[in-house]
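Okay, structure first, notes after.
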Amino acid sequence: MKLNYKRTVLIGFAFMAILSFWQFYDQVIPYVLENIFGLETFAANAIMSIDNVLAIFMLPLFGMISDRTHTRLGRRTPYILFGTVASVILMVVLGLFQEMRSFTGFTVVLILLLVVMATYRTPAVAYMPDVTEKPLRSKANAIINLVGYLGGIFSTVVMMFLLKSSKNAQGETVYSDQQSFLPVYLVIAGFMLLAVLIMVLTVRENRVLAETNIQDEPSEDAPVGGKLPRPVLRSLVLILTSVFLWFMAYNAVTTAFSRYCVAQWNVDLGTSSSYLLMATIAAIAAFVPLGFLSSKVGRKKAVLLGIALMTVCYASAILFTEETPLMYAVFALVGVGWASINVNSFPMVVEMCSGSDVGKYTGLYYTFSMAAQITTPLLSGWLIDHLGFGYAVLFPYAVLFSVLSFITMSFVKHGDSKPMKRGSLVENFDVGDG
């Protein structure tokens, strides 16, 4: 049994298109709302949180709908293809409304765009486990994540070259009043469309499903008579709880770290961004090796290793009272830990379902992660501002939720992969496409 690397990379193009959009969204839209349309930070943050609120109910909904879809294009491909086409059209219109300085038009189209993006995110992620044997899903997920991150990098590079910026006294990125953002909208929209068209034209979903014949493959963790056995259900609840808890820790840090650097270390936003960039680079470098590691030691151990590594990093950050280059090493290890968790946790969740419910379980995974991303900025902000702890509470907060996720994950008994045995020594070095 070998992973088809070429096909996995091509399926990852859908995820690459999605992450290219979110990288653009996270970097450009807050700036546009605050600096072009003059919104206060609270109002801008409220609009920015709409995607997470939509995700809570739309991701599992469209995961389940796509599970029961049967077309000539397959069950996931129609959502990915037509969702991307609609998103690209809306992106161009959004850019035009920004150029026209029409806040009403911009807001309405932005909400429509977020709704459309939510319709095909789960089908895009569920595509990989549909066509990948269960023992190979951690390796495949590592490749999917790597390809996806390349989309984020593409958007960052596009913005660097097409948007001329400068730094203000606070170290924040600012653009001139004459700066046009429309070329960025057009290039990223074109990239998204091209990536998905390549995937659709090179990977025929129904044909691949027929070849692999694993869409309804049973496992000892899968539902019996449509219901999960009680021990498996307990493990599912525990791992979804763990997902919520480690996102509570990680997203609190990534959301507030730039302000933490200013408040605790008196350094500008450029420095804080460089630390987070180091975590991203380390994660990208670690994805594939961690995918192979998990096939040797098992997914659960790899996840626990990632949680432990991140907990130690959060705890060590508490000790630094001023900015130090050692933080680059700390955040590099944070990136490795985060990669280890992401590569293995999603395959553990879909291991507990039959092939006909992959979309449903994918949606559950994202529901819990998105719920944490809505909750943790509010809870950590309440501790920092309203209870008067200040930004010094950030990393102890992260340690607490990270430790809790380690505890809940320790009790998970299902969804792991069994290390694959090769027939000979030579086969252990086989990484062909198959």
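Where a number appears in this text, it was derived from the coordinates with a stated rule and is not lab data. Note that the coordinates shown come from a computational prediction; the quantities given were computed from them, not determined experimentally. Ideal geometry is used to build each Cβ from the backbone, glycine not excepted, and the neighbour counts take in all protein chains shown.
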**Study point:** GNM result for the chain, Cα springs below 10 Å: residue of Phe247, Phe181, Phe331 fluctuating most strongly
**Key:** Phe181
Point to revise | Projected area, mean over directions - the chain, Cα convex hull, nm² | key: 20.9
Study note, to complete from the structure: Surrounding charge for Pro123, neighbours by C-beta under 14 angstrom, Lys/Arg +1, Asp/Glu -1, total +1
Practice item. Could you pull out every one of the lysines with an alpha carbon less than 18 Å from that of Lys164, ignoring same-chain neighbours closer than 8 positions? Key: none
Check your understanding: What list do you get for Tyr365, Tyr314 if you sort them by fewest beta carbons within 10 Å?
Key -> Tyr365, Tyr314
Check your understanding: Sorting Phe97, Phe57 on the 10 Å Cβ count, fewest up front, what's the list?
Key -> Phe57, Phe97
Practice item. Post the alpha-carbon centroid distance, segment 324-385 to segment 76-142, in whole angstrom. Key: 20
Exercise for review: Calculate the spin-label point distance for Met160 paired with Phe292, positioning each point 7 Å from the Cα along the beta-carbon direction, and give it in nanometres.
Suggested key: 2.8
Practice item. Neighbouring Cβ atoms within 10 Å as the yardstick, rank Met248, Met348, Met160 fewest first. Key: Met160, Met248, Met348
Check your understanding: Which of Lys227, Lys301, Lys139 moves most in a GNM of the chain, Cα contacts under 10 Å?
Key -> Lys227
Practice item. With a length cut of 27 Å (Cα positions projected on each helix's long axis) and a Kyte-Doolittle mean of at least 0.0, go through the chain and give me the DSSP H helices that pass. Key: 5-31, 77-99, 103-130, 137-162, 182-202, 230-260, 269-297, 299-319, 326-351, 358-381
Exercise for review: Note the full-extension length gain between Leu378 and Val85 as 0.36 nm times their separation in residues minus their Cα-Cα distance, in nm to one decimal.
Suggested key: 102.1 nm
Revision key, fill the gap. 1/(1 + (r/R0)^6) with r = Cβ-Cβ of Ser180 and Val312, R0 = 35 Å, i.e. FRET efficiency to nearest 0.05, evaluates to 0.15
Practice item. Would you calculate a helix-derived [θ] at 222 nm for the chain, using -39,500 (n - 2.57) for each DSSP H run of n ≥ 4 and dividing by the full residue count, to the nearest 500? Key: -24500 deg cm²/dmol
Practice item. Find how much the distance from Val53 to Leu277 grows on full extension, using 0.36 nm per residue of separation minus their present alpha carbon separation; answer in nm with one decimal. Key: 78.0 nm
Revision key, fill the gap. Which of Leu319, Leu81, Leu400 fluctuates most in a GNM of the chain (C-alpha springs under 10 Å)? That residue is Leu319
